[in-house]
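The next block holds one structure in the form of structure tokens; read it before the comments.
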Amino acid sequence: MTTFTDLNLNDALQKSVSQEGYINPTPIQEQAIPHLLSGKDLLGCAQTGTGKTAAFALPILQRLVETGGRRGRIRALVITPTRELAAQIKDSFLTYGRYMDIMTIVIFGGVKQLHQEKELKKRPDVLVATPGRLLDLIAQGYVTLSHLEVFVLDEADRMLDMGFIHDVRRIIAALPRRRQSLFFSATMPPAVAKLASSLLRNPVKVEVTPQATPVERIRQSVFFVDQKDKGKLLEMLLADREVSRALVFSRTKHGASRIAKNLKRRGVSVDAIHGDKAQNARTRALEGFRSGKVRVLVATDIAARGIDVENISHVFNFDLPNVPETHVHRIGRTARAGADGMAFSFCSGMELADLKEIEKTIGFEIPRDRENEFHSMDATRGLVEGVPASKVKKLREQERHQRIRKYKESKESKKRSESARKPHSSKARSRPGSREVQSSESRGEKSRNRSHPLRQRRSRGNSKR
Ligand code: AMP
């Protein structure tokens, strides 16, 4: 079996990995590290949990020491989609590089910029960043990438899912042409492959599957339940002492907050993590969950991405994801490090089609749990209060269109009545002191707009993730 010594890592790195308790490199480390040390570009198909962070952090640290490039300049840049992942990657660089004179800092959005500006002024060697904040700081002149030697694009598929593609392209355009590039993605749909080929030169390809294959190691159950009963079902299942550390997935941020609030009211030790929460509240929730102080963590997919917490005994899919691969990501949070795990999925009548897609992807039918008081025959048949889900979806869609039409009509009629009043208002504008009248009117218009149904709907739509 390969050891870290076989990988030609220097003494400082070997000392820190052995302090971390790593004995043998994981498959991605074994395959990637030798190529990265020789300066090759890399296309890595691997997800979180495979040891990919060390697979790039170790050779980057070694290279920065060996090549002895210009100190006081950013020489390695890692971009990653979420703040949690960015913070974890920075921690890994600090851990592995603890016996080296290399400075790593992290920057991400959602917090004030000032502290990050100060950190950047200390002239780090390695910068870990989320795309939006990085571009802001480049634009303001706090970050210069002209001396960059290594670039890592992490979780590329998730970057694209989250709509960061333009930001990523702008960052790539700001990099020097001569550099080593590393590209990691859990999946490789065509758009991701295209981005990879635009970034990499003659890359080595490494593909690994997570050590614990969810399909094999995780015991799964589906509960057919009406939407209104999901909260009670969750509470009932959480009452089991075997549920020592549970991650509950919600499709929306509002949903995550609601689930956590209801559980808290019932005396469950719970916290929530999603994009609407301030960064320090997210960090606190995650630390509480990691330390075992908090037994249940409710999360949205994006907020949970990259969270590395061991010993999660149960994953609950409060809502089924509408992308089958997300189901695999979610349930892969349990049964880490060889332990067994359980994944319970709640399926309402509206979600039956999603369940079918998931089962097609994983290649088998998930065992059903029908022996519980919340079992719904309606849900098993794809019905919502006796009405087929497809019909309910159609009706909801029609209602949505009606609301939009009504809104547009009212806007049109308002415009017409305003233009009918116009000659009068232009006279008013020519009178002295009329500016105050005008501006208070436009303020009124603005505040009216703020309460428009479409505006509210849009902001609700945006907060879906
Ligand atoms: P990652 O995929 O980078 O998020 O890593 C997942 C987890 O595996 C982290 O908790 C690492 O500390 C751990 N890990 C990484 N490499 C090794 C290794 N060679 N041996 C044991 N654990 C490791």
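Read-outs throughout are calculated quantities, based only on the coordinates presented, and are distinct from any laboratory measurement. Predicted, not measured: the structure shown is a model, and the values here were computed from it. Don't worry about glycine lacking a Cβ; one is built from the backbone with ideal geometry, like all the others, and counts go over all protein chains shown.
Miscellaneous remarks
- Anchor Lys121: aspartates and glutamates whose Cα lies under 20 Å away (excluding residues fewer than 8 positions away in-chain): Asp91, Asp101, Asp136, Glu149
- Going by neighbour counts of Cβ atoms within 10 Å, the residues Ser185, Ser413 line up, fewest first, as Ser413, Ser185.
- Within region 144-187, trypsin sites (Lys or Arg not before Pro) in DSSP loop having at most 13 other beta-carbon neighbours inside 10 Å: Arg177, Arg178
- What the Cβ-Cβ distance of Lys414 and Asp11 gives, at R0 = 60 Å and to the nearest 0.05, is a FRET efficiency of 0.20.
- Of Met236, Met1, Met342, the sequence from fewest to most neighbouring Cβ atoms within 10 angstrom is Met1, Met236, Met342.
- Subset of Lys230/Lys253; Lys194/Lys253; Lys394/Lys414 violating a 24 Å alpha-carbon distance limit: Lys194/Lys253; Lys394/Lys414
- The length gained by stretching the chain between Asp136 and Asp240 to full extension, at 0.36 nm per residue less their Cα-Cα distance, is 32.7 nm.
- Full extension of the chain between Arg266 and His401 gives 44.7 nm of extra length, using 0.36 nm per residue less the Cα-Cα distance.
- Glu371 paired with Lys356, simple spin-label distance in nm, labels 7 Å along Cα-to-beta-carbon: 2.9 nm
- Amide H contacts for Val222 (H built 1.01 Å from N in the peptide plane; partners 5 or more residues away or on another chain; cut-off under 5 Å): Ser345, Arg368, Asp369.
- Low-density loop positions, GluC sites (Glu not before Pro), region 205-291 - DSSP coil, at most 16 other Cβ in 10 Å: Glu242
- Look at the alpha carbon pairs under 8 Å that are at least 6 residues apart: their mean separation over the length of the chain gives a relative contact order of 14 percent.
- Calculated [222 nm] ellipticity per residue, helices only, for the chain: -15000 deg cm²/dmol; basis is -39500 (n - 2.57) per DSSP H run with n ≥ 4, divided by all residues, nearest 500.
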